[in-house]
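*Asks:* Below you'll find the structure I mean.
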Amino acid sequence: MNKQITKELLEIGAVQINLDTYFTWTSGLKSPIYCDNRLTMSYPKVRKNIARAFIQMLEQDGFKPDMIAGCATAGISHAAWLSDLLGLPMVYVRSKPKGHGKGNQIEGASVEGKTVLVIEDLISTGGSSIEAAKALQQAGANILAVYSIFTYGLDKSKDAFLQANIAYNSITGFDELIQELIGSGELSEEEKNELLTFRESL
C-alpha cells in the first residue's frame, strides 16, 4: 500500500516539496521537503489506509504484538486507530516524564513483560523514536520494532537504529516520494538530483 499512501500524502499536502522557497524545520534547518502527517487525522480514508498498511507490515514481518505504543504527539492517534483495529491495548510515550502528578513518561497500563510495537508519524534522525522505545524497554517492555508513516531515509537514522539494536520500518518515504513525482511528471531529473543532494548533505 506504500504507493497508494505516498499519493494520498501528496494529495492532502501532508508531504510538500518546494525547491524555490525552502521550508524551515523545527531544528532551524532549511529543507526543500516538509512532512506534516498530523494532517492525516482530518482524512478518514487516509488514516484508515495508514492503519491497514501498518497491519500489512506486521503480517509481512511476522510480528504479533501484545500492545501498541504511540510516540507523543503525532504518533498517538495512529497508534489508537491501529490498536482499535487489532483489538489490542495501547499506551503512549512522552518525550520526557511529566513534571507533575505521578511524573509518568508512559501513559496507560503497565508494559512490563509485553511485546510492544511503537508507532511514530515521521522518522528523520530517529532520535525521538529511539528514546521512546528505550523508555518502554526500561519499563520492562520487549520492543518488536518502530513503525512510521514516512521516513527521510537518512543515514543518521539507519546508524542510530542499528546502534540501538531496534528494528524499524516505514510505510513510505523520501525515495518512494521521488519515484511517485518522477512517474507523474511533476519532478524533473534536475530537481530529483537537487533533492538527493540535499539528503546526502544531512
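*Asks:* State yes or no: is Y43 crowded, with 20+ Cβ neighbours inside 10 Å, at pLDDT 95 or above and of a type in the set (S, T, Y)? Lay out the reasoning, then the answer.
*Replies:* Numbers: crowded, with 20+ Cβ neighbours inside 10 Å: no; at pLDDT 95 or above: yes; of a type in the set (S, T, Y): yes.
Answer is no for this residue.
*Asks:* Provide a single number: the residues in segment 1-35 that are touching a helix residue (DSSP H, G or I) at 6+ places or on another chain (Cβ under 6 Å) and of a type in the set (D, E).
*Replies:* 1
*Asks:* A further question on this structure: Determine whether Q105 is touching a residue at least 24 places away in the same chain (Cβ under 8 Å), polar (S, T, N, Q) and under 12 Å from A69 (Cβ atoms).
*Replies:* On the way: touching a residue at least 24 places away in the same chain (Cβ under 8 Å): yes; polar (S, T, N, Q): yes; under 12 Å from A69 (Cβ atoms): yes.
Spelling it out, Q105 is indeed touching a residue at least 24 places away in the same chain (Cβ under 8 Å), polar (S, T, N, Q) and under 12 Å from A69 (Cβ atoms).
*Asks:* Something else about it: Name the single residue, out of those in segment 128-161 being among the hydroxyl-bearing types (S, T, Y) and within 14 Å of G70 (Cβ to Cβ), that is surrounded by the fewest Cβ atoms within 10 Å (Cβ to Cβ).
*Replies:* Within segment 128-161, the subset among the hydroxyl-bearing types (S, T, Y) is 128-129, 147-148, 151-152, 157.
The next check asks that each one be within 14 Å of G70 (Cβ to Cβ); those that pass are 128-129, 147-148.
Numbers: S128: 17, S129: 29, Y147: 27, S148: 27.
That would be S128.
*Asks:* Separate question: Can you tell me which condition S95 does not meet? The list is (1) small (G, A, S); (2) surrounded by fewer than 18 Cβ atoms within 10 Å (Cβ to Cβ); (3) in contact (Cβ under 8 Å) with a residue 40 or more places away in the chain, and all the others hold.
*Replies:* Here S95 meets the rest and fails (3).
*Asks:* In this structure, does A160 turn out to be in a helix (DSSP H, G or I), in contact (Cβ under 8 Å) with a residue 12 or more places away in the chain, in contact with a Gly (Cβ under 7 Å, 6 or more places away or on another chain) and under 22 Å from S27 (Cβ atoms)?
*Replies:* On the way: in a helix (DSSP H, G or I): yes; in contact (Cβ under 8 Å) with a residue 12 or more places away in the chain: yes; in contact with a Gly (Cβ under 7 Å, 6 or more places away or on another chain): yes; under 22 Å from S27 (Cβ atoms): yes.
Here the answer is yes, as A160 does meet what is asked.
*Asks:* Among the listed residues K48, K30, which satisfies the condition of being modelled with pLDDT under 95 and of a type in the set (K, R)?
*Replies:* Values: K48 fails: modelled with pLDDT under 95.
Unique residue meeting the criteria: K30.
*Asks:* I would also like to ask the following. When segment 19-31 is examined, which residues are found to be out of contact with any Pro (no Cβ under 6 Å at 6 or more places or on another chain), part of a loop (DSSP other than H, G, I, E, B) and over 17 Å from G173 (Cβ atoms)? Even if it seems obvious, please write down each step before you answer.
*Replies:* To start, the set of residues in segment 19-31 that are out of contact with any Pro (no Cβ under 6 Å at 6 or more places or on another chain) comprises 20-21, 23-31.
Filter once more, so that each one left must be part of a loop (DSSP other than H, G, I, E, B): 20-21, 25-29.
Of everything in segment 19-31, those that are out of contact with any Pro (no Cβ under 6 Å at 6 or more places or on another chain), part of a loop (DSSP other than H, G, I, E, B) and over 17 Å from G173 (Cβ atoms) turn out to be D20, T21, T26, S27, G28, L29.
*Asks:* Oh, and also: Cβ-Cβ under 8 Å, sequence separation 6+ or interchain: first residue in segment 12-31 and among the aliphatic types (A, V, I, L, M), partner exposed (fewer than 11 other Cβ atoms within 10 Å of the Cβ). Which pairs?
*Replies:* I12/S42
*Asks:* If you don't mind, there's one more thing I want to ask. Looking at the structure I just gave you, is A164 aliphatic (A, V, I, L, M), buried (at least 17 other Cβ atoms within 10 Å of the Cβ) and over 20 Å from D61 (Cβ atoms)?
*Replies:* Numbers: aliphatic (A, V, I, L, M): yes; buried (at least 17 other Cβ atoms within 10 Å of the Cβ): yes; over 20 Å from D61 (Cβ atoms): no.
Against the criterion (aliphatic (A, V, I, L, M), buried (at least 17 other Cβ atoms within 10 Å of the Cβ) and over 20 Å from D61 (Cβ atoms)), A164 does not qualify.
*Asks:* May I ask you to verify whether I106 is more than 25 Å from K30 (Cα to Cα) and β-branched (V, I, T)? Write out each step before concluding.
*Replies:* Numbers: more than 25 Å from K30 (Cα to Cα): yes; β-branched (V, I, T): yes.
Judged against the criteria, I106 is a match.
*Asks:* Being within 20 Å of the chain's Cα centre (by Cα), among the charged types (D, E, K, R) and within 19 Å of A51 (Cα to Cα) narrows it down to one residue among D121, D175, D159; which is it?
*Replies:* Details: D175 fails: within 19 Å of A51 (Cα to Cα); D159 fails: within 19 Å of A51 (Cα to Cα).
It is D121.
*Asks:* Tell me which residues, restricted to segment 146-157, are in a strand (DSSP E or B), under 9 Å from S129 (Cβ atoms) and hydroxyl-bearing (S, T, Y). Please lay out each step first, then the result.
*Replies:* Applying the first criterion (in a strand (DSSP E or B)) to segment 146-157 yields 146-151.
Within this subset, residues satisfying the condition of being under 9 Å from S129 (Cβ atoms) are 146, 148.
Correct list: S148 only.
*Asks:* Moving on to the next point. Are there any pairs with C-beta distances below 7 angstrom linking a residue in segment 168-194 that is closer than 18 Å to C35 by Cβ and touching a residue at least 40 places away in the same chain (Cβ under 8 Å) to a residue that is assigned to a helix (DSSP H, G or I) and among the hydroxyl-bearing types (S, T, Y), with the two at least 6 apart or on different chains, and if so which?
*Replies:* T172/T6; E176/T6; L177/T6; E180/T6
*Asks:* Let me ask something additional. Could you tell me which residue of segment 167-202 is surrounded by the most Cβ atoms within 10 Å (Cβ to Cβ), considering only residues that are part of a helix (DSSP H, G or I) and of a type in the set (G, A, S)? If you could, list the steps in order and put the result at the bottom.
*Replies:* Step one: filter segment 167-202 for residues part of a helix (DSSP H, G or I), giving 174-183, 189-201.
Within this subset, residues satisfying the condition of being of a type in the set (G, A, S) are 183, 201.
On the way: G183: 10, S201: 6.
Looking at the filtered set, the residue picked out is G183.
The values are calculated or read from the model by the stated rules, or taken from the named source; none is laboratory data. Because the structure is a prediction, the values reported are computed rather than measured. Counting neighbours? That spans all protein chains shown, and the Cβs are built from the backbone with ideal geometry, glycine included.
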